[in-house]
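Chemist: Take this structure, written in structure tokens, and hold onto it; I'll ask about it next.
The values are calculated or read from the model by the stated rules, or taken from the named source; none is laboratory data. What you see is a predicted model; the values in this text were computed from it and never measured. With ideal geometry, Cβ positions are generated from the backbone for all residues, glycine too; neighbour counts draw on all protein chains shown. Side chains are part of the model used for accessible areas, which takes the heavy atoms of the whole protein and leaves out ligands, DNA and RNA. Shrake-Rupley method; radii C 1.70, N 1.55, O 1.52, S 1.80 Å.
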Amino acid sequence: MTKVVKFGGSSLADAEQFKKAASIIKAEESRRYVVPSAPGKRSSGDTKVTDMLYQTYDLAERGGSFTKALADIKARYDEIIQGLGLDLSLDDEFRIIEDRFANKAGRDYAASRGEYLNGCIMAAYLGYEFVDAAEVIRFDEDGMFDPQATAKLMRKRLSKLDHAVIPGFYGAYADGTVKTFSRGGSDITGSIVAGAIKADVYENWTDVSGFMVADPRIIDHPESIETITYRELRELAYMGASVLHEEAIFPVRKEGIPINIRNTNDPEASGTWIVESTCQKSKYVITGIAGKKGFCSVNIEKELMNSEIGFGRKVLQAFEDYGLSFEHVPSGIDTLTVFVHQDEFMDKEQQVVSAIHRLADPDTIDIEADIALIAVVGRGMKSTRGTAGRIFSALAHANVNVKMIDQGSSELNIIIGVANQDFETAIKAIYDIFVTAAI
């Protein structure tokens, strides 16, 4: 068996956390390839190293003195090295970084050094080979991840190595220029490595014991999710569940590789398994609840809209022309409503309204702001009668007015729109009816 193990920033924030991670890796011979993040916060008032790198590079780019800021970053790494008792110096690496910052190497290069340096330390501590992600993860000339080129490079390099450390978060263009993924992209790197070498399992170690049914900031000690499918996770991640980067699903999904979310501080906990499909029934009718605030609805009315060919396309073109993507588009006989992110829409709303009038000639347009969208997700809903009815009943009992409901044909999820102010109340009501009442 071969496992790829990725450790998040909180799991590698200091020497003690490094020791925990190393102990986990050494506990199983199958954990052969390691993907580290940059050091995270050591305490609530601390700063992540990635943020320190961004701040330092911004100073350099403005022509200011960044020597002190870079020295503070080096001190973080030196503290880890000393705590691990390693005979390792990063002096040469920091001289290169200082020179590259002074010559405006770019924010992507700057941010990538957090993972790069942590990778150097992890490789030295484990006695594993260090493989620079810039050599094996490729982006095309448009800045898009190139899976074919990456798989070829990764397999060729790792086929010769029994054990290796590959830093997360970044890769490079063909000319060697560093390019990063979006924040949290080390999850993606781990998935890419696992997919490329066709690993048996991708373990993602973080500071929580897997996914919870609901946000613990809203629900006190929510129940954990033992098994979740890729599709369920995609729905929950899109709506705000943030244990795993939503794009980390794709490289392993293609190969049918399961992901196991584990807790570095509680390695005995089994965590959450993310799989392609399963015959295991969910513990509850629903698998999870997630949501986001800050949407607005644009309601377009026109008599006989349903008989006008191309009406929906004309409306959506108005949003596309101004660079806006839509979230949901529920419709009636004479109405069509477009849900968009409020912060993206606000500065362009009147241009979009004018464009809709010009392109689609509606009777009226009405905009409503401050809406939250909540996704109730679960493979068990398909075979359970009355799920939507129970949701409506719970929300009515909690005095929450439902502004929108949208259910996909897969019956995997139900999206509910409520006022921002009712967001937490709605999630508590849904959790209580499906989880608390079933315990």
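Chemist: Would you work out the relative contact order for region 33-80, in percent, from Cα pairs under 8 angstrom that are 6 or more residues apart?
Modeler: 24
Chemist: Along the Cα-to-C-beta direction of D46, a point sits 7 Å from the Cα; which residues of region 22-39 have their amide N less than 16 Å from that point?
Modeler: 22, 37-39
Chemist: Would you calculate, for the chain, the mean residue ellipticity at 222 nm contributed by helices, counting each DSSP H stretch of 4 or more residues as -39,500 (n - 2.57) and dividing by all residues, to the nearest 500?
Modeler: On the way: 15 runs with 168 residues, N = 439.
After summing the helix terms and dividing by residue count, I get -11500 deg cm²/dmol.
Chemist: Gain in length, K382 to K254, computed as 0.36 nm per residue apart minus the alpha-carbon separation, to one decimal in nm? Display every interim value, and only then the final one.
Modeler: Values: separation 128, 0.36 × 128 = 46.08 nm, distance 2.43 nm.
Working it through step by step, the gained length comes to 43.6 nm.
Chemist: I'm checking a number: the convex hull volume of the Cα atoms of region 71-113, normalised per residue, in Å³. What is it?
Modeler: Numbers: hull volume 2.8 nm³, N = 43.
Convex hull volume per residue, Cα atoms: 66 Å³.
Chemist: Per residue, what accessible area does the chain have, given a 1.4 Å probe and all protein chains present, in Å²? Display every interim value, and only then the final one.
Modeler: Working: 20150 Å² over 439 residues.
For the chain, the per-residue accessible area is 46 Å².
Chemist: Full extension from D58 to E129: what is 0.36 nm times the residue separation minus their Cα-Cα distance, to one decimal in nm?
Modeler: Working: separation 71, 0.36 × 71 = 25.56 nm, distance 3.24 nm.
Computed gain between D58 and E129 is 22.3 nm.
Chemist: Using a 1.4 Å probe on the protein chains only, how many percent of the accessible area of region 92-248 belongs to carbon and sulfur? Before the final figure, lay out the partial values.
Modeler: Working: 2940 of 6550 Å².
For region 92-248, the apolar C and S fraction of the accessible surface comes to 45 percent.
Chemist: Could you give the length gained on full extension between A22 and D321, defined as 0.36 nm per residue of separation minus the Cα-Cα distance, in nm?
Modeler: 102.5 nm
Chemist: Here's a follow-up. Quick one: compute the contact order of the chain, relative version, from alpha carbon pairs under 8 angstrom and 6+ residues apart, as a percent. Kindly include the intermediate steps, with their values, before the conclusion.
Modeler: Details: 862 pairs, mean separation 56.5, N = 439.
Once divided by the residue count of the chain, the mean separation gives 13 percent.
Chemist: Evaluate the relative contact order of region 219-304 (contact order divided by residue number), counting alpha-carbon pairs under 8 angstrom at least 6 apart; express in whole percent. Before the final figure, lay out each step's value.
Modeler: Working: 80 pairs, mean separation 32.6, N = 86.
RCO, region 219-304: 38 percent.
Chemist: Moving to a separate point now. Hey, how many Å between the Cα centroid of region 236-313 and the Cα centroid of region 84-136?
Modeler: For region 236-313 versus region 84-136, the Cα centre distance is 34 Å.
Chemist: With a Förster radius of 30 Å, plug the Cβ-Cβ distance of D432 and D266 into 1/(1 + (r/R0)^6) and report the FRET value to the nearest 0.05. Working shown, then result.
Modeler: Details: r = 27 Å, r/R0 = 0.89.
Computed FRET efficiency for D432 and D266: 0.65.
Chemist: How many nm separate the modelled label positions at E411 and H341, each set 7 Å beyond the Cα in the direction of the Cβ?
Modeler: Label-label distance for E411 and H341, simple model: 3.3 nm.
Chemist: Longest segment of the chain with no GluC sites (Glu not before Pro) in a DSSP loop having at most 10 other Cβ atoms within 10 Å?
Modeler: Details: sites that count: E141, E268.
Formally, the longest exposed-site-free interval is 269-439.
Chemist: Counting Lys and Arg as +1 and Asp and Glu as -1, what is the net charge of the other residues whose Cβ lies under 12 Å from the Cβ of Y322? The partial results should precede the final answer.
Modeler: Details: positive: K348; negative: E320, D321, E344, D347, E349.
Every neighbour counted, the sum reads -4.
Chemist: Can you compute the FRET efficiency between I439 and N103 using 1/(1 + (r/R0)^6), with r the Cβ-Cβ distance and R0 = 56 Å? Round to the nearest 0.05. Numbers along the way, then the final one.
Modeler: On the way: r = 60 Å, r/R0 = 1.07.
It comes out at approximately 0.40.
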